[in-house]
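Let me begin by presenting the structure, written as structure tokens, before commenting on it.
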Amino acid sequence: MDGGGVEQVTLDTARAVTVAGARSLVVSAGGRMEADLAAGGSQSIRLPVDAKDPFSIWANAGRLVRIIRERGVSLVHVRSRAPAFSVLRAARISGVPVVATYHGIYQARSGLKRWYNAVMTRGDLTLANSAFTRDHIIAEHRLDPARIVVVPEGIDTARFDPAAVGSERVAALRGAWGLTDDDPRPIILLAARLTGWKGQTTAIAALARLTGPTAPRLVLAGKAQKPGAAEALEAAARAAGVSDRVRLVGAVEDMPAAYALADLVIAPSTLPESFGRGVAEAAAMGRPVIASPLGGPAETIVHAETGWLAPPGDPEAWTAAIGHALALTSDARAAIGAAARARIVSHFSLEAMAAGTFAVYRRLLEARA
């Protein structure tokens, strides 16, 4: 529980469970978000469920059996593959239902890895965080569609709300990033881990094609997935002649303020996103977003109405898409942003996620009654 999309969804769901009047127990290997779990009314239980060796998985199953029996657990919801092996054994011994959320488009280059990934489909029901993920599960694991329920991830639309972000927070972040108030050039934000498939090099190549006195600046927010990733992007910016317009700012704590600071948010991923949390968060903040039409973002964004979709890995297409978005009047961009937020509030809120998840819980519990 050290941060990330899966961890945030776990935290949000746990809080919703306690608000609904039930007890929420979260088993993990620990992490900084345990304090947030406690603040939301959940109890955190530490077990080495991150271990992948067979002995640890077997031992964890026994520990989970004791927890289920001693705490009167009615249902188990698992969100990661290694713990799922322990959970399935413990739940079958204890006679409680299991639901698993298939959070990622797990890569499988061998039959063994495909078997390992398929553990997320062996519970009573599998939740998919997008229609794209559902289709992937069916194609990859031949799972009966009746055993899959699509429950998109939910965004905290109270936290990610432009009305809730004061100007002082935006000003503080602007100063931390070395951006001045009197610079008329628009700011483009790409918030993602610094790794090849998130499209930072595509963004830099597109930026190099946008010239002139009001050519935009690009902020790359996110931590490096591997050593040297940041240095490689800095070198790419120098080679493209845009190092003066590219900022690498590392991980950002105040993401609502980061989105509020941006004139445009981009997500040029070259591989499918199972959901695309950053795209949804930016939209909730009323920011116009351009994303690759791979995976979840193609469901979050309605092209030309709540944002735009651009071909992955095509700098010229991204240059055109960014140029089009920035050429709009501020009122036109604001209208796109307002439509984007309205879509998130109605389809991808925490409340919508909780309602969909609880419907699955009720279905499983009633079937065992």
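The values are calculated or read from the model by the stated rules, or taken from the named source; none is laboratory data. This one's a predicted model, so the numbers in the text were calculated from it and none came from an experiment. Because the Cβ atoms are built from the backbone with ideal geometry, glycine has one as well, and the counts that use them run over all protein chains shown.
Below are the figures for this structure:
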item	result
Arg333 being within 27 Å of Gln8 (Cβ to Cβ) and assigned to a helix (DSSP H, G or I)	no
Among the candidates Pro162, Pro152, Pro186, Pro145, residue that is surrounded by 14 or more Cβ atoms within 10 Å (Cβ to Cβ), over 21 Å from Leu326 (Cβ atoms) and not hydrophobic (A, V, I, L, M, F, W, C)	Pro152
Selection count, region 1-45, where residues are surrounded by 13 or more Cβ atoms within 10 Å (Cβ to Cβ) and among the basic types (Lys, Arg)	2
Set Ala235, Ala229: member being farther than 29 Å from Leu127 by Cβ, surrounded by fewer than 20 Cβ atoms within 10 Å (Cβ to Cβ) and free of Cβ contacts under 8 Å to residues at least 12 places away in the same chain	Ala235
Qualifying residue in region 314-326 (condition: surrounded by fewer than 17 Cβ atoms within 10 Å (Cβ to Cβ), of a type outside the set (Gly, Ala, Ser) and either without any contact (Cβ under 8 Å) to a residue 24 or more places away in the chain or farther than 26 Å from Asp135 by Cβ (or both))	yes
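Residue by residue, here is whether (1) hydrophobic (A, V, I, L, M, F, W, C); (2) farther than 24 Å from Pro297 by Cβ; (3) assigned by TED's automatic domain parsing to the domain that holds Leu294; (4) without any contact (Cβ under 8 Å) to a residue 40 or more places away in the chain holds:
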{"site": "Val99", "(1), (2), (3), (4)": "yes, yes, no, no"}
{"site": "Ile105", "(1), (2), (3), (4)": "yes, no, no, no"}
{"site": "Tyr116", "(1), (2), (3), (4)": "no, yes, no, yes"}
{"site": "Gly123", "(1), (2), (3), (4)": "no, yes, no, no"}
{"site": "Ala172", "(1), (2), (3), (4)": "yes, yes, yes, no"}
{"site": "Thr180", "(1), (2), (3), (4)": "no, yes, yes, yes"}
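So that you can scan it fast, the table gives a plain yes or no per residue for (1) out of contact with any Ser or Thr (no Cβ under 6 Å at 6 or more places or on another chain); (2) assigned to a loop (DSSP other than H, G, I, E, B); (3) more than 17 Å from Thr202 (Cβ to Cβ):
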position: Val279; (1), (2), (3): no, no, no
position: Ala283; (1), (2), (3): yes, no, yes
position: Gly286; (1), (2), (3): yes, yes, yes
position: Ile290; (1), (2), (3): yes, no, no
position: Trp308; (1), (2), (3): yes, no, no
position: Pro311; (1), (2), (3): yes, yes, no
